[in-house]
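One structure is given below, encoded as structure tokens.
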Amino acid sequence: MKKLLITGASGFLGWHLCQLAKPEWEVYSTYNSHFIEIPGIKILKVNLTDFQELKQLFNDINPAAVIHTAAHSQPNFCQIYPQESHLINVMASCNIAGLCADYSIPCVFTSTDQVFNGLTAPYHEAAPVCPINIYGEQKVMAEMGMLERYPMTAVCRMPLLFGSATPTAQSFIQPFIQTLKEEKELSLFIDEYRTPASAITAAKGLLLALQKVNGIIHLGGKERISRYDFGQLLVEVFKLPPTGIKSCRQKDVKMSAPRPADVSLDSSQAFALGYQPLSIKEELTIIAKYQ
């Protein structure tokens, strides 16, 4: 079996990706601060922002391909700690692309729908980027830097992701479910739109991109939906008390990082390659089965 290096095993998407890649690849994965063990995966503690450590990692493993998911992906964190998040989100990403170029191996990078300003959705791959928060800015810098160093890189812009919690991470639905179960109030935006996908679907998209994509691709879900309407689906599928959901607007909630209003992705290029997200309701039904 060929060796696949996945960065970010302790992250929400990284963990799901490791599970999915395991049958086809000999998987090596990295973590930094959140120790994790995944059966059947060789897990290594690596500081990806240390270039010598990164070089040694490539030297030791000699991977046939790399999928880079490790990041500081909380927009508020990046807004408050721009230097710290820049090291992993930009510098490490560009160094990984450079090493993949040296080894002439496929390189997949997870970017974000936050590279857009939210004013002219839905966005296709050629739409001009115009981020309104530091996280989005860092991902744009990483996209450009990686493609400059290694034009064969598959830059996958990811949507809002949801799914079952992992040993070290959860998606946004877990706190939502908890709040509603406790019959507490849950305020959700009626004016923020995304094209969410499950982590399993997104992971399948990344493995597809590894085989078929150079350049930028969007891996959004098939439906554009507000946070509020997503919450309503959650109530229906998980049979939660519906009384707690309240509608609110983005402008009424103070956050460190500004949020774009509508970063729905047009993922028709990926659909044409065989990327097949289910409906949100179908995805949630599958997740509910395993809760």
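Would you mind stating whether residue 208 is hydrophobic (A, V, I, L, M, F, W, C) and either free of Cβ contacts under 8 Å to residues at least 60 places away in the same chain or touching a Lys or Arg at 6+ places or on another chain (Cβ under 9 Å) (or both)?
no
Do you know which residues across region 146-170 are outside any loop (DSSP other than H, G, I, E, B) and either at pLDDT below 95 or hydrophobic (A, V, I, L, M, F, W, C) (or both)?
Residues satisfying the conditions are 146, 147, 154, 155, 156, 158, 161, 162.
One residue is enough: does region 108-118 have a residue meeting the conditions aliphatic (A, V, I, L, M) and open to solvent by 10 Å² or more (accessible area, probe 1.4 Å)?
Taking region 108-118 and keeping what is aliphatic (A, V, I, L, M), we get 108, 115.
Then keep just the ones that are open to solvent by 10 Å² or more (accessible area, probe 1.4 Å); that gives none.
No: region 108-118 contains no residue that is aliphatic (A, V, I, L, M) and open to solvent by 10 Å² or more (accessible area, probe 1.4 Å).
Quick one: residue 178 ticks every box in (1) touching a strand residue (DSSP E or B) at 6+ places or on another chain (Cβ under 9 Å); (2) more than 12 Å from residue 12 (Cα to Cα); (3) surrounded by fewer than 20 Cβ atoms within 10 Å (Cβ to Cβ) bar one, so which box is it?
Evaluating residue 178 over (1) touching a strand residue (DSSP E or B) at 6+ places or on another chain (Cβ under 9 Å); (2) more than 12 Å from residue 12 (Cα to Cα); (3) surrounded by fewer than 20 Cβ atoms within 10 Å (Cβ to Cβ) leaves (1) as the failure.
Within region 182-220, how many residues turn out to be aliphatic (A, V, I, L, M) and not in a helix (DSSP H, G or I)?
To start, the set of residues in region 182-220 that are aliphatic (A, V, I, L, M) comprises 186, 188, 190, 197, 199-200, 202-203, 206-210, 213, 216-217, 219.
Still in the list and also not in a helix (DSSP H, G or I): 186, 188, 190, 197, 213, 216-217, 219.
Here the count works out to 8.
Being surrounded by fewer than 16 Cβ atoms within 10 Å (Cβ to Cβ) and of a type in the set (A, V, I, L, M, F, W, C) is the filter here, so list the residues in region 65-86 that pass it.
Across region 65-86, the qualifying residue is only 80.
Answer with yes or no whether residue 273 is hydrophobic (A, V, I, L, M, F, W, C) and surrounded by 20 or more Cβ atoms within 10 Å (Cβ to Cβ). Quick ask: steps written out before the conclusion?
On the way: hydrophobic (A, V, I, L, M, F, W, C): yes; surrounded by 20 or more Cβ atoms within 10 Å (Cβ to Cβ): no.
No; evaluated as a whole, the condition is false for this residue.
Residue under question is residue 121, and the condition is that it be of a type in the set (Gly, Ala, Ser) and more than 30 Å from residue 35 (Cβ to Cβ); does it hold?
Judged against the criteria, residue 121 is a match.
Scan the helices (runs of 4 or more DSSP H) fully inside region 31-124 and keep the ones with 1 or more residues being within 24 Å of residue 220 (Cα to Cα), more than 16 Å from the chain's Cα centre (by Cα) and not polar (S, T, N, Q).
Helices (runs of 4 or more DSSP H) meeting the threshold: 93-103.
So, of the residues in region 1-30 that are within 12 Å of the chain's Cα centre (by Cα) and hydrophobic (A, V, I, L, M, F, W, C), which turns out to be nearest to residue 63 (Cα to Cα)?
So, considering only residues that are within 12 Å of the chain's Cα centre (by Cα) and hydrophobic (A, V, I, L, M, F, W, C), the one nearest to residue 63 (Cα to Cα) is 17.
The values are calculated or read from the model by the stated rules, or taken from the named source; none is laboratory data. As the structure is a prediction and not an experimental result, all values here were calculated from the model. No Cβ is skipped: glycine too gets one built from the backbone with ideal geometry, and neighbour counts run over all protein chains shown. In case anyone asks, the SASA skips ligands and DNA or RNA and just uses the protein heavy atoms, side chains included. Shrake-Rupley method; radii C 1.70, N 1.55, O 1.52, S 1.80 Å.
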